[in-house]
Amino acid sequence: MNSRNALPLLATRQPARHPAPTVKAQRLAHLIFERPDPDEAARFLSDFGLTVSHREADTLYLRAAAPSPYCYRIHRAAQARFLGFGLEVRSLDDLKRLARLSGASSIEEIVHPGGGKQVRLLDPSGFRVEAIYGQTPSEPLPHRPALLLNLAEHPRINSTQRPPVAPPEVLRLGHVVMEVAEYQATCAWYTRHLGFIPSDVQVLPDGSPIVAFMRLDLGDAPADHHTLAIAQGFMASYSHSAYELVDADAVGMGQRVMRERGWHHAWGIGRHILGSQIFDYWQDPWGDKHEHYCDGDLFTAVLPTGVHFVSPEAMAQWGPRMPKSFTKPKLSLANLRKLIRNLRRSPDLTLRKLVTLMRMFG
């Protein structure tokens with residue numbers, strides 16, 4: 001594997017780009033959640049900066065400023081759960097190729113806002129992936145321009161900085177991060193079938209990979225440092241999703257508004273190392289993390305994969321230290337059963353690796 005870092009690696013397979021993927025996904029279109037109270041979810045997400053775009057009896061859709069008809073879909077259900085996400089592909093032929101994969105649905109008409117066609121897939125960890133094509137875009141929503149900053153040069157004369165005291169306008173859905181027990185198989189599935197490229201891989205002291213930050217392969221066009229990140233965990237679970245704002249003042253105003261409206265802060269404000277985003281994290285009513293960010297890295301397809309040691313210090317360049325609560329798993333009897341089962345059956349999850357992560361992150 002090409003590397004932008006000279007770290008010693010063991011023989012453990014690393015997440016790597018596939019030479020001939022089934023298709024190359026083009027965009028993260030939406031996330032899919034189940035919630036017992038969609039209205040309470042909408043209250044959080046509206047304060048966070050999304051806009052309710054469509055309502056049905058048991059389904060709620062929210063959107064960002066981008067022209068996608070929705071980026072967040074909520075189904076009413078007894079338990080709160082993350083189901084998966086949608087990825088846009090380039091053509092109907094892409095859908096035909098995906099429909100031939102084991103376990104895939106046939107090509108279906110989409111019943112959600114924007115229409116189009118889709119193929120439904122399940123990744124090796126059980127997350128749903130909706131590959132979509134032909135969705136009709138909506139009109140973009142207006143948003144304020146980025147503030148003009150007086151940095152080394154001083155272009156702002158006789159003008160002040162007064163961003164509105166209001167929920168920040170989310171420009172678009174940026175990325176989603178998942179934890180999985182079947183780490184190697186899940187990473188390989190996304191690189192092989194959907195064309196994801198590992199931008200950076202974090203490894204343990206013994207060289208075994210623990211987190212893969214993966215970007216879309218858009219060729220010479222720049223893509224976000226990561227649209228999907230996959231971390232080694234003891235079971236398949238949602239870690240967080242991230243939403244781009246126009247500038248750092250929007251991130252700061254978002255923190256003020258979310259605090260004043262009583263939402264639970266998870267971590268921030270700071271700047272990440274891998275991806276470089278200025279970030280701030282908030283928990284929804286069910287404890288699921290949502291990130292405001294701006295100023296993320298953009299890579300073309302030619303940049304090789306970087307390899308880095310994982311540690312709490314590797315999470316941010318500046319800002320408050322990542323709290324131990326940020327990576328604390330949701331403990332329950334059911335989750336303990338999943339831990340024991342996955343320790344027995346997963347080739348990627350070992351007691352030694354689990355102890356190392358617990359010592360490192362508390």
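The values are calculated or read from the model by the stated rules, or taken from the named source; none is laboratory data. Being a predicted model, the structure only gives us computed values, none of them experimental. Here the Cβ is made from the backbone with ideal geometry for all residues, glycine too, and neighbour counts use every protein chain on show.
Of the residues R76, R55, R4, R81, which is at pLDDT below 95 and either surrounded by fewer than 20 Cβ atoms within 10 Å (Cβ to Cβ) or under 30 Å from A334 (Cβ atoms) (or both)? I'd like the intermediate steps shown before the answer.
Numbers: R76 fails: at pLDDT below 95; R55 fails: at pLDDT below 95; R81 fails: at pLDDT below 95.
Answer to the check: R4.
Within the span defined as region 281-292, every residue fails to be surrounded by fewer than 19 Cβ atoms within 10 Å (Cβ to Cβ) and among the hydroxyl-bearing types (S, T, Y).
Within region 122-133, residues that are within 11 Å of V89 (Cβ to Cβ) have Cβ atoms under 9 Å from residues that are surrounded by 22 or more Cβ atoms within 10 Å (Cβ to Cβ) and polar (S, T, N, Q) in these pairs: E130/Q118; A131/Q118; I132/Q118; Y133/Q118, counting only partners at least 6 apart in sequence or on another chain.
I'm checking my understanding of the structure. Among residues of region 227-249 that are without any contact (Cβ under 8 Å) to a residue 60 or more places away in the chain and more than 8 Å from the chain's Cα centre (by Cα), which one is nearest to P142 (Cα to Cα)? Quick ask: steps written out before the conclusion?
At the first step, the residues of region 227-249 found to be without any contact (Cβ under 8 Å) to a residue 60 or more places away in the chain are 229, 231, 248.
Now narrow it down to the ones that are more than 8 Å from the chain's Cα centre (by Cα): 231, 248.
Working: A231: 35, A248: 18 Å.
Top of the filtered list is A248.
Table: residues versus (1) over 30 Å from G254 (Cα atoms); (2) of a type in the set (K, R).
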site	(1), (2)
R90	yes, yes
L121	yes, no
P137	no, no
P142	no, no
L148	no, no
A152	no, no
E169	no, no
L173	no, no
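Out of G268, G262, G275, I need the residue that is in contact (Cβ under 8 Å) with a residue 12 or more places away in the chain, more than 28 Å from V23 (Cα to Cα) and either small (G, A, S) or not in a helix (DSSP H, G or I) (or both). Which one?
G268
Quick check, is L31 touching a residue at least 12 places away in the same chain (Cβ under 8 Å), part of a helix (DSSP H, G or I), buried (at least 18 other Cβ atoms within 10 Å of the Cβ) and of a type in the set (A, V, I, L, M, F, W, C)?
Values: touching a residue at least 12 places away in the same chain (Cβ under 8 Å): yes; part of a helix (DSSP H, G or I): no; buried (at least 18 other Cβ atoms within 10 Å of the Cβ): yes; of a type in the set (A, V, I, L, M, F, W, C): yes.
Answer is no for this residue.
Here P15 meets each of (1) surrounded by 19 or more Cβ atoms within 10 Å (Cβ to Cβ); (2) under 23 Å from A242 (Cα atoms); (3) modelled with pLDDT of 95 or more with one exception, condition (3). Of the residues V302, V307, the single one that is part of a strand (DSSP E or B) and either of a type in the set (K, R) or farther than 23 Å from E169 by Cα (or both) is V307.
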